[in-house]
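One structure is given here, and the rest of the page talks about it.
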Amino acid sequence: MVILNRNDMELLLTMDEIINALEEGFREVKEGRSFVPVRFRLEVKEFEGEFLYMPAYLSGLKQSGTKIVSVFPKNPLIGKPTIYATYLLNDPATGELLAILEGATLTGLRTGGTSGLATRYLAREDSKTLGIIGTGFQAFYQVRAIQAVRPIETIWAYDIDSKRLKEFCEKVSPLGNIYPVSHPHEVVRQSDVLVTSTTSKTPVFSGRDLKSGTHINAIGAFRPDMREVDEETILRSKIVVDTFEGCLSEAGDLLIPMAEGKLKRESIYGDLGDLVTGKKRGRESQEEITLFKSVGFAMEDVVVAHRAYKKALQENKGQRIE
Ligand SMILES: NC(=O)c1ccc[n+]([C@@H]2O[C@H](COP(=O)([O-])OP(=O)(O)OC[C@H]3O[C@@H](n4cnc5c(N)ncnc54)[C@H](O)[C@@H]3O)[C@@H](O)[C@H]2O)c1
């Protein structure tokens, strides 16, 4: 069995490899060879925490595993992080445990990779400017993934927390020209590709500021009462989701305008599987505004975990234990 820690995960896979693995995974799901139950939530009332169990089995690709995420909001009081995440990769033929992977890095890589895959199908080929609203943990992986699929020259970034914005700019500066700004409209008006990766409950920019031809990846807002994008953005955009099942049960960005009668289910153009299997076309004109909304999907974890495991075996990386 192999153990892959944070550092191994960061170094093992290129973004291209991750995006290609995800493309294969979304095809597998569309073609009906996946078993991905709704995630199971176990509450731990005494400590005001919870565990989330996210299993997946892909029968065609012969991959299976489970991500276990714990969320204990009081942990910072005792000097521990709120979230821990671990991935257990199993052999679906025997059940054998093949690998244990650090799950937070895996999540960053697969969430970035999924936005990268959507950007490959939906952003203008000539996209040169990238805007980031919300410069926390996920944002770095979003930048890496989008740079892997479009010739990004300049990055504009905004966060309500100026310390996090500064730290992000320092971390990203080796990847390209990055400019911190003090208002989200300065990001939005410049962006060919825009990412919202915040924990906000209310829209983080005005859809009026979007220029035609922009592609948006909205990855935050994971509960029905949360939203990062406003009604104007929803009405101006061609909308693609990671999965209908996930977004229509969790994504306030879509559920709130639907409840208000502003958006119909039929107006959502399709899911990422529709694009990768060619059932639907991605971008159809230079002018259209496209919005990819994701809430995350256990298939994304298993395909990236499996790719990392295979590469670790080939390159003799990670820690082996009997
Ligand atoms: N779609 C997916 O598959 C997926 C996967 C993982 C995480 N997420 C979600 O992505 C979001 C970001 O996750 P993270 O791990 O980077 O969180 P994080 O806490 O590390 O970063 C969030 C950042 O958003 C900033 N922020 C909050 N409100 C803002 C606002 N109104 N304007 C600008 N910035 C604002 C915060 O200051 C913080 O820096 C979360 O909602 C998380 O649940 C989605």
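The values are calculated or read from the model by the stated rules, or taken from the named source; none is laboratory data. Computed from a predicted structure; not experimentally measured. Cβ: placed from backbone, ideal geometry, glycine included. Neighbour counts: every protein chain shown. Ligands, DNA and RNA are excluded from the accessible area calculation, which covers all protein heavy atoms including side chains. Shrake-Rupley method; radii C 1.70, N 1.55, O 1.52, S 1.80 Å.
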Legend entry - Two-site label geometry, Phe35 and Lys310: point separation in nm, points 7 Å out along Cα→Cβ: 2.2
Inset, instruction - Pick out, from Pro76, Gly131, Thr66, the residue whose Cα sits farthest towards the positive end of the charge dipole of the range 39-178, with +1 on the Cβ of Lys and Arg and -1 on the Cβ of Asp and Glu. - result: Gly131
Inset, instruction - State which entries of Lys128/Lys311; Lys262/Lys293; Lys166/Lys293; Lys166/Lys311 exceed 24 angstrom in Cα-Cα distance in the structure shown. - result: Lys128/Lys311; Lys166/Lys293; Lys166/Lys311
Inset, instruction - With the full set of protein chains in place, find how many percent of the accessible area of the chain is carbon and sulfur; take the probe as 1.4 Å. - result: 52
Inset, instruction - Select from the range 1-83 those GluC sites (Glu not before Pro) which occupy a DSSP coil region and have at most 14 other Cβ atoms within 10 Å, ordered by residue number. - result: Glu31, Glu48
Inset, instruction - Take the Cα radius of gyration of the chain and divide it by 2.2 N^0.38 Å, with N its residue count; two decimals is plenty. - result: 0.96
Inset, instruction - Please determine, in degrees from 0 to 90 and to the nearest 10, the orientation of helix 15-30 with respect to the longest principal axis defined by the Cα atoms of the chain, where the helix direction is its Cα long axis. - result: 90
Inset, instruction - Note down the net charge around Gly60, summing +1 for each Lys or Arg and -1 for each Asp or Glu among other residues with Cβ under 10 Å from its Cβ. - result: 0
Inset, instruction - Would you mind getting the accessible area per residue of the range 118-296, heavy atoms of the protein chains only, 1.4 Å probe, in Å²? - result: 42
Legend entry - Computed [θ] at 222 nm, helices only, for the chain once each DSSP H run of length n ≥ 4 contributes -39500 (n - 2.57): -11000 deg cm²/dmol
Legend entry - Residue-normalised accessible area of the range 59-116, expressed per residue, 1.4 Å probe, Å²: 41
Legend entry - ³J(HN,Hα), Karplus 6.51/-1.76/1.60, whole Hz, each residue of the range 216-232, x for Gly, Pro: 10, 10, 9, 10, x, 6, 9, 10, x, 9, 10, 8, 10, 10, 8, 4, 4
Inset, instruction - Give the angle, between 0 and 90 degrees and rounded to the nearest 10, that separates the Cα long axis of helix 298-315 from the longest principal axis of the Cα atoms of the chain. - result: 60
